[in-house]
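The values are calculated or read from the model by the stated rules, or taken from the named source; none is laboratory data. This one's a predicted model, so the numbers in the text were calculated from it and none came from an experiment. For neighbour counting, all protein chains shown are included, and Cβ atoms are generated from backbone atoms with ideal geometry for every residue, glycine included. Quick note on the areas: whole protein, heavy atoms, side chains included, nothing else; ligands and nucleic acids left out. Shrake-Rupley method; radii C 1.70, N 1.55, O 1.52, S 1.80 Å.
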Amino acid sequence: MAKRQFKSESKRLLELMINSIYTHKEIFLRELISNASDAIDKLCYIALTDDKVGLARDDFKINIVADKDKRTLTISDNGVGMTASELESNLGVIARSGSLQFKKEMDENAADKAADNASDLDIIGQFGVGFYSAFMVAKKVTVISRAYGDSGDGENNASKWVSSGADGYSITACKKDTPGTEIIIDIKEDTDDEKYSKYLEEYTLTNLVKKYSDYVRWPIFMDVTKSRQIETDEKDKDGNNKKEWEDYIETEVINSRVPIWQRPKSEVSDDECAEFYKEKFLDQADPVAVIRVSAEGLVSYNAMLFIPSVAPYDYFTREFKAGLQLYSSGIMIMEHCSDILPEHFRFVRGVVDSQDFSLNISRELLQHDRQLKVISTNIEKKIKTELKKLMDDDIEKYETFYKAFGIQLKYGIANGYGMNRDLLADLIMFYSSKAEKPIPLAEYVKNMPEEQKYIYFASGESISLLDKLPQAEQVRDKGYEILYLTDDIDEFVVKVLGKFEEKEFRSVNDSDLGYENEEEKKEIEQQETDNKDLLEFVKESLDGKVAAVRLSGKLKSHPVCLTTQGEITLEMERYFKSMREHQGAGMFGEMQAERVLELNAEHPSFAALHDAFINNKEKAADFSKLLYGQALLTAGVPLEDPAEFSELLSRLVF
Ligand code: ADP
């Protein structure tokens, strides 16, 4: 019988499949199972109104049989089947139904195919390509199909389609007992790069079904190896028959069929959800929250989302793949869809299932897909609500979550010019000087005494350093709580937020802390005028290291503190410096904070300084340097020249 030729575009696709060095060849099984399931859907539908089908709902099934000796893998179904002419038109040309979009992409990619094979191949893995994917693992494919209602004459009631690839295919008549389709794949020989034999292994096949087709609603049967204990004739020392383990084969349904996210909420326990999460997303810890969404309307979908309690080891690396799994009626079509999950919630794992997703969905399409936008907006709201609820109802759990992912929320606020400020402000926490642990901003505001004007914060390298910060002492003594910012990003977050619940953030370094009374302020101004020459002298002695020297109203027991003026703070300076070191100069330029040395006029050190200024200028210059060094140390800023400082100390003390 004459070989028939594939249509030219099919031929090109086939060649691509056959020669691909693609690592996701495994999706071929998903494609064939999906086709089988569709075919059963069709016949089951016919059976609703046609008694002659003679099959009840429970009779429909898909079978997978691996024969290692013959090196064949057979996937069969008792669905609607295909006539000879359907075989010809369905499998002879690729440009049908869902495959259309894929073909278009192939055509677009064909031009630079030789140059960049990878881009084509990626498409194959991500999106369904249907029946043809079998050729990624097959040296020959045989399809034996009998269409329902096409009984023909006994011996020739079915058709057989055979192809070994791009050179064409043949169709001949044959006999098949019942309607349905049987696809026999002759598995390719192993090569150094690819062990095709694995597609004949029970282990691989059951795992592939679990991974991609677990929720296909028809049962998928396969022979699986089991173990049982049997009694032997041999006796043990007590005279009992010895037992030993024996393997046996049993044909079993290997898919779960009804996805957990499609079962009613009331029927699924928290434990079941947690187990599902751990197995599917390979986490050892229970999630802190499970979110279930079931939406109908403009877009209908089910989603089951999880908020993990620990960050995966690669979370903060480029390796981590964020995104939700997309399912279309129980079939996984994409493993990491990041377009559906906002960046600031990228720690969320889960699945979204919608009949409205097409199997052959492409990445380009997804980005412009309005349905997807609707879903992603909804999902964002749900996650926010759930996190807020967790914070309100179970702060301990929230703290666990926050330890792992709080920084992600902070980046969410700082990035995108504060676009997500309102969404995320409720969810962040900072360490409180009073509670001695991170607290939500709402709690801070709730705790504020009536007369307190601002939300106070201090930023520095560590909690212990901030706890001893000279300029924080007075604020704390007033009974006000201070938020200690220790993450690099924190100051940017506070800057972007500006306010929370109408209360402005204010650094303890600020010259106006909102509680100084006018008289005190005037007094300090007067003292500054009286000591103008002294302050000028101190500044000059420090040789350009500080932008100003002032008398401070915010010091209590300490002699000095270091603050800054202008936009750039010491923390930002430190941050930019580390960025420069990591990413090279240029990008962040030389960002220096303008330092201000604040002196405590009530402290004995000031009297000593004053005295030296009148009687011994050299000593006064030494005192200035000493005080500046002290200010640096308490602020956690390294001394520029520790040896010189040590020498200075000896000179003054001994
Ligand atoms: P798609 O599934 O995207 O339409 P395929 O290349 O996988 O593309 O299949 C082409 C067509 O062949 C299907 O639309 C279907 O009509 C038919 N087909 C494939 N497999 C089967 C099967 N097991 N039983 C019946 N028809 C099938």
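Using a probe of 1.4 Å, the accessible surface attributed to THR634 totals some 40 Å² when neighbouring protein chains are kept in position. Sorting GLU594, GLU386 by solvent-accessible area of protein heavy atoms yields GLU594, GLU386, largest first, with a 1.4 Å probe. The percentage of C-alpha pairs in the chain whose separation is greater than 49 Å is 40%. Rounded, prolate or oblate, given the Cα gyration tensor of region 193-312, with a/c below 1.5 counting as rounded? Verdict is prolate for region 193-312.
Here the scattering of region 260-396 is modelled by Debye summation over its C-alpha atoms, one equal scatterer each and no solvent; at q = 0.17 Å⁻¹ the log10 of I(q)/I(0) is -0.96. Treating cross-link reach as a plain straight distance, find the lysines whose alpha-carbon is under 23 Å from the alpha-carbon of LYS52, omitting any fewer than eight places away in the same chain. Cross-link targets: LYS42, LYS61, LYS175, LYS176. In deg cm²/dmol, rounded to 500, what helix-only [θ] at 222 nm does the chain give when every DSSP H run of at least 4 residues adds -39500 (n - 2.57) and the total is split over its residues? Value at 222 nm, helices only: -12000 deg cm²/dmol.
Going down the list LYS495/LYS532; LYS410/LYS577; LYS211/LYS389; LYS226/LYS280; LYS478/LYS503, which pairs span over 25 Å between their C-alpha atoms? Violating the 25 Å Cα-Cα cut-off are LYS495/LYS532; LYS211/LYS389. Using only Cα coordinates, the Kirkwood hydrodynamic radius of region 511-582 works out to 14.5 Å.
On a per residue basis, the convex hull of the C-alpha atoms belonging to region 428-507 measures out at 82 Å³. Residue-wise HN-Hα couplings along region 261-268, as the Karplus relation 6.51 cos²θ - 1.76 cosθ + 1.60 with θ = phi - 60° gives them from phi, are 6, 9, 7, x, 3, 5, 8, 10 Hz; Gly and Pro carry x. Looking at the calculated P(r) for region 518-653, what percent of the C-alpha pair distances fall above 20 Å? Value for region 518-653 (Cα pairs over 20 Å): 50 percent.
Rounded to the nearest 20, the Cβ-based charge dipole of region 428-507 about its Cα centre (Lys and Arg +1, Asp and Glu -1) stands at 140 debye.
The angle separating the long axis of helix 617-635 from the principal Cα axis of greatest extent in the chain is about 30 degrees. Other residues with beta-carbon under 11 Å from the beta-carbon of ASN302 carry, at +1 per Lys or Arg and -1 per Asp or Glu, a net charge of +1.
Quick one: angle between helix 370-393 and the longest Cα principal axis of the chain, in degrees between 0 and 90, rounded to 10, please. Once rounded, one gets 50 degrees. Using C-alpha pairs under 8 Å with a sequence gap of at least 6, the mean separation divided by the residue count of the chain gives a relative contact order of 8 percent. If one takes the longest principal axis of the Cα atoms in the chain, at what angle in degrees, from 0 to 90 and to the nearest 10, does the Cα axis of helix 117-126 lie? For 117-126 against the chain, the angle is about 80 degrees.
For the chain, give the percent of accessible area contributed by carbon and sulfur heavy atoms, probe 1.4 Å, rounded to a whole number.
Carbon and sulfur atoms account for 47 percent of the accessible area of the chain.
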